[in-house]
Amino acid sequence: MDTDSDQPLNSLDITPLRKHRTPLETFKRVGVPIIAAVLSLVTIIVVAVLTKAVLDKYYFFCGRSLHFIPRRQACDSQQDCASGEDEQNCVKSFPNGPPVGVRLSKDRSTLQVLDPDTGVWASVCFDNFTEALAETACGQMGFDSKPTFRAVEIGPDQELNVIEITEHSRELQVQNSNGSCLSGSLVSLHCLACGENLKAPRVVGGEKASVDSWPWQVSVQYNRQHICGGSILDPHWILTAAHCFRKHLDVFNWKVRAGADKLDSFPSLPVAKIFIIGFNTTYPKEEDIALVKLQFPLTFSGTVRPICLPFFDEELAPATPLWIIGWGFTEQGGGKLSDALLQASVQVIDNTRCNAEDAYEGDVTEKMLCAGILEGGVDTCQGDSGGPLMYHSDQWQVVGIVSWGHGCGDPRTPGVYTKVTAYLNWIYSVRKSEL
Ligand code: ARG
């Protein structure tokens, strides 16, 4: 850099009228104050953000009495804020109630209704079936989307236990059970388009997955930290595991991240409510299922879509191929989440084998499902919990929820999953209660 002070002035040079400031002087007079101002502003912002983060992490703010209480006192079943706000937005227990009286069969998604007087389930005849009835049926299962339905022929081997139905205060009711069904057709009902992906998965064995293959997979996060997987059931609802919420019952700091196969701490969708069956369950095994209701409905796209719930009668024979996905540990005790979503194919393992003496010794109940591979090495692990165990028939269905296991990938002790068919009634009831 050359400055005029370096060289003697030539006598022919015209002396400038105004003295030019050297760039250094300009910098000192203008730049330094600007930089100082910017730096102090940045410092103030950083300090404010850090203070807020620390306060948010360790304290709960009682909005009405304007004071802070330690975070762990929120949702501890004891009112600590003067007006009790600390106990208002907590994980809720929703006991499994009476049957909702409506279900769908894997036989062409045909609708069945329970006759409360006889306790018998019967298929619904297509005679006089209407759009309004379809909406009522789907509403009873907790869907608020527009259903589609069509007539399907009564199969030759089908018991002629076919009924006509009417509606009474948003519930289907059996009208006559004299067995006459003039159309000879049943109602095939679809409450929501679900279980379709843009890309089919291919290779086996813990390899990288694309969100195009699993658009229903979400990350359930507390304080921006990935805790569990989960799956999208419809615009408002995420299915996951109850034990994910064991340590933190305050709904406010839970978020859901959808539409991405990369796990990072990007802010995500706010949660309105969280439901589990009960608090007094033996961790982590019994009733390991939860429903998360989002504050705002999801907009579906190629990377954000719902998976189907299984049909009530979907039986999975041993060796049926299933898929698992997640951001969980890639090695047992490896202590690290995977930044990329991983996928693998496993098989149904029958409960008797899973309960053997050298395995789970009877801890696997009728409401659980074992899945893995014979040689071991392919399994879900810590951080995969809550994610789906998936079965493909006509569409993808979430037949299981990642729940527990001894170690990860041990051939004798495969992954254990919550059997979703055992909780269909609970899922329907919770969603229906929120319609
Ligand atoms: N409980 C674990 C979690 O919170 C999931 C364990 C699954 N274990 C297994 N071996 N499949 O993420």
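Every number in this text was worked out from the coordinates using simple rules, so none of it is lab data. What you are looking at is a predicted structure, and each value in this text was computed from that prediction instead of being measured. In this analysis, Cβ positions are derived from the backbone assuming ideal geometry, glycine residues included, and neighbour counts consider all displayed protein chains.
For region 331-370, the orientation-averaged shadow of the C-alpha convex hull comes to 4.2 nm² (one quarter of the hull surface).
Placing a label point 7 Å from the Cα of T118 along the Cα-to-Cβ direction, none of the residues of region 133-154 has a backbone N under 13 Å of that point.
Gyration tensor over the Cα atoms of region 34-125: the corresponding equivalent ellipsoid has semi-axes (square roots of 5 times the eigenvalues, largest first) of 54, 23, 9 Å. In plain terms, the residue of C81, C408 with the fewest other Cβ atoms within 10 Å comes first and the most crowded comes last, giving C81, C408. Largest first and in whole Å, the equivalent-ellipsoid semi-axes of region 367-435 read 26, 13, 10, each the square root of five times a Cα gyration tensor eigenvalue.
Along the axis of the charge dipole computed for the chain (Cβ charges of +1 for Lys and Arg, -1 for Asp and Glu, origin at the Cα centre), the listed residues L186, L263, L111 are led at the positive end by L263. Note on the chain: Kirkwood radius taken over Cα pairs, Stokes-Einstein applied at 25 °C and 0.890 mPa s, translational D equal to 98 µm² s⁻¹. Say the dipole of the chain comes from +1 at the beta carbon of Lys and Arg and -1 at that of Asp and Glu; which of Q79, S393, T26 then lies farthest toward its positive end? Positive-most Cα among the choices belongs to T26.
Against the chain, whose longest principal axis is taken from its Cα atoms, helix 131-140 shows a tilt of about 70°. Each of S301, L435, I289 was scored by the projection of its Cα onto the charge dipole of the chain, and the greatest displacement toward the positive side belongs to S301; charges sit on the C-beta of Lys, Arg, Asp and Glu.
Here the gap between T130 and K28, fully extended at 0.36 nm per residue and compared with their Cα-Cα distance, gives a gain of 28.7 nm.
Counted by Cβ distance under 14 Å from L104, the other residues give a net charge of 0, where Lys and Arg count +1 and Asp and Glu count -1. Taken over the alpha carbons of region 204-336 as equal point scatterers, the Debye sum produces base-10 log I(q)/I(0) values at 0.11, 0.22 Å⁻¹ of -0.42, -1.52.
Calculated [222 nm] ellipticity per residue, helices only, for the chain: -4000 deg cm²/dmol; basis is -39500 (n - 2.57) per DSSP H run with n ≥ 4, divided by all residues, nearest 500. Please work out, to two decimal places, the log10 of the ratio I(q)/I(0) at q = 0.27 Å⁻¹ from a Debye calculation in which every Cα of region 287-342 carries one identical scatterer. At q = 0.27 Å⁻¹ the computed log10 ratios are -1.13. If you model region 293-408 as an ellipsoid using its alpha carbon gyration tensor, with each semi-axis the square root of five times an eigenvalue, the axes come out at 25, 20, 13 Å, biggest first. Helix 424-433 and the longest principal axis of the C-alpha atoms of the chain enclose an angle of approximately 60°. Between T352 and A53, the simple spin-label model (points 7 angstrom out along Cα→Cβ) gives 5.6 nm. Scoring 397-405, 101-109 by mean Cβ neighbours within 10 Å over their residues and listing the highest first yields 397-405, 101-109. Per residue, the average separation of C-alpha pairs within less than 8 Å and at least 6 apart gives the chain a relative contact order of 15 percent. Taken about its Cα centre, region 277-435 carries a charge dipole of roughly 640 debye when the Cβ of each Lys and Arg holds +1 and the Cβ of each Asp and Glu holds -1.
Extending 7 Å from Cα along the Cβ direction at Q395 and again at E153 yields two label points whose distance is 2.5 nm. Extension gain, L182 to R108: 0.36 nm times the residue separation minus the Cα-Cα distance gives 24.7 nm. Put in order of Cβ neighbour count within 10 Å, fewest first, the listed residues F27, F329, F126 become F27, F329, F126. K367 label point, 7 Å along Cα→Cβ, cut-off 12 Å on backbone N: hits in region 284-326? In region 284-326, the label zone of K367 (backbone N under 12 Å from the point 7 Å along Cα→Cβ) covers 285-290. Spin-label model, T43 to R170: label points 7 Å out along the Cα-to-beta-carbon direction sit 5.8 nm apart. In order along region 36-41, phi translates into HN-Hα couplings of 4, 4, 4, 4, 5, 4 Hz, rounded to whole numbers, per the Karplus curve 6.51 cos²θ - 1.76 cosθ + 1.60 with θ = phi - 60° and x for Gly and Pro. Multiplying the residue separation of E434 and Q225 by 0.36 nm and removing their Cα-Cα distance gives an extension gain of 72.5 nm.
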